[in-house]
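Please read the structure below before turning to the comments.
The values are calculated or read from the model by the stated rules, or taken from the named source; none is laboratory data. Fair warning: this is a prediction, and the values are worked out from it, not measured in the lab. With ideal geometry, Cβ positions are generated from the backbone for all residues, glycine too; neighbour counts draw on all protein chains shown. Ligands, DNA and RNA are excluded from the accessible area calculation, which covers all protein heavy atoms including side chains. Shrake-Rupley method; radii C 1.70, N 1.55, O 1.52, S 1.80 Å.
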Amino acid sequence: MTKIEETLHRGDALIVVDVQNDFCPGGALPIENGDKVVPVLNRWIDAALAQNVPVYFSRDWHPVQHISFTERDGLWPPHCIQDSKGARFHPDLHVPESAVIVTKGTRFDHDQNSAFDETGLAAQLRHDGVRRLFVGGLAEDVCVLATVLDGLNENFEVALIADATRPVTASGGEKARKQMEDAGAHLV
Ligand SMILES: [Zn+2]
């Protein structure tokens, strides 16, 4: 049994946040070394499958001219447009048949950074008997941060997989990590 397999137990879930082409080098909103999270997450995904721990993959999935885009006075260049290559998961990411996909960022009126934001994910996790979340993905100071904080607010125990996430900016990443730890997240 690998070390990660020993860490994962019944009642756990793995949440892989937005590991999509547009957030990796060469994408529309690239995060420095964003692709480096892929091999790390793959080890966690494989271990989760070996331990029958459910894996949830969130994806940013925007309509064209989404409200979060600069053309609409939002913060970001157009990215993760529905059905585009940029919106696909990184090609090397292990997305198993049993994966549950959580789609967000589809609303016309506001952005959804957290995988919990109006997706029903908390109810689904409780339905699946999940109590503890292991979270990694992109970006640490945006969607991972929002997902971790919401997970804690929904009374899940939350662990951030420290080497499975990267921030948009180094300073943002430091701030986000402190915010997550202060809110009660563990680092693994
Ligand atoms: Zn987005």
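Is it the case that some residue within segment 140-156 is assigned to a strand (DSSP E or B) and open to solvent by 10 Å² or more (accessible area, probe 1.4 Å)? Looking through segment 140-156, none of the residues is assigned to a strand (DSSP E or B) and open to solvent by 10 Å² or more (accessible area, probe 1.4 Å). Residues that are open to solvent by 70 Å² or more (accessible area, probe 1.4 Å), farther than 22 Å from K36 by Cα, touching a strand residue (DSSP E or B) at 6+ places or on another chain (Cβ under 9 Å) and part of a loop (DSSP other than H, G, I, E, B) do not occur anywhere in segment 157-167. Just one of the listed residues (G74, G26) is small (G, A, S), open to solvent by 60 Å² or more (accessible area, probe 1.4 Å) and over 22 Å from L121 (Cβ atoms), namely G26. Within the bounds of segment 81-91, is there any residue that is in contact with a strand residue (DSSP E or B) (Cβ under 9 Å, 6 or more places away or on another chain) and within 25 Å of L187 (Cα to Cα)? So far as segment 81-91 goes, yes, one or more of its residues are in contact with a strand residue (DSSP E or B) (Cβ under 9 Å, 6 or more places away or on another chain) and within 25 Å of L187 (Cα to Cα).
Among all residues of segment 34-46, there is at least one that is farther than 24 Å from A123 by Cα, under 14 Å from the mean Cα position of the chain (by Cα), modelled with pLDDT of 95 or more and of a type in the set (G, A, S). Scanning segment 136-144 for any residue that is within 11 Å of the ligand (Cβ to nearest atom) and touching a Cys at 6+ places or on another chain (Cβ under 6 Å) turns up nothing. The set of residues from segment 84-133 being open to solvent by 40 Å² or more (accessible area, probe 1.4 Å), outside any loop (DSSP other than H, G, I, E, B) and more than 16 Å from the ligand (Cβ to nearest atom) comprises V100, A123, Q124, R126, H127, R132. Sub-7 Å Cβ pairs linking a first residue in segment 89-114 that is farther than 21 Å from A48 by Cα to a second residue that is of a type in the set (V, I, T), at least 6 apart or interchain, are K104/T119; F108/I67; D109/I67; H110/I67; D111/I67; N113/V142; S114/T147, ordered by first then second residue.
When the criteria are applied in full, A183 meets the requirement of being without any contact (Cβ under 8 Å) to a residue 40 or more places away in the chain and more than 23 Å from V38 (Cβ to Cβ).
Among the residues making up segment 17-76, those that are part of a helix (DSSP H, G or I), within 16 Å of the ligand (Cβ to nearest atom) and in contact with a helix residue (DSSP H, G or I) (Cβ under 8 Å, 6 or more places away or on another chain) are N21, D22, F23, G34.
Name the residue that is nearest to S58 (Cα to Cα), counting only residues in segment 115-128 that are touching a residue at least 12 places away in the same chain (Cβ under 8 Å) and among the small types (G, A, S). Selected residue: A115.
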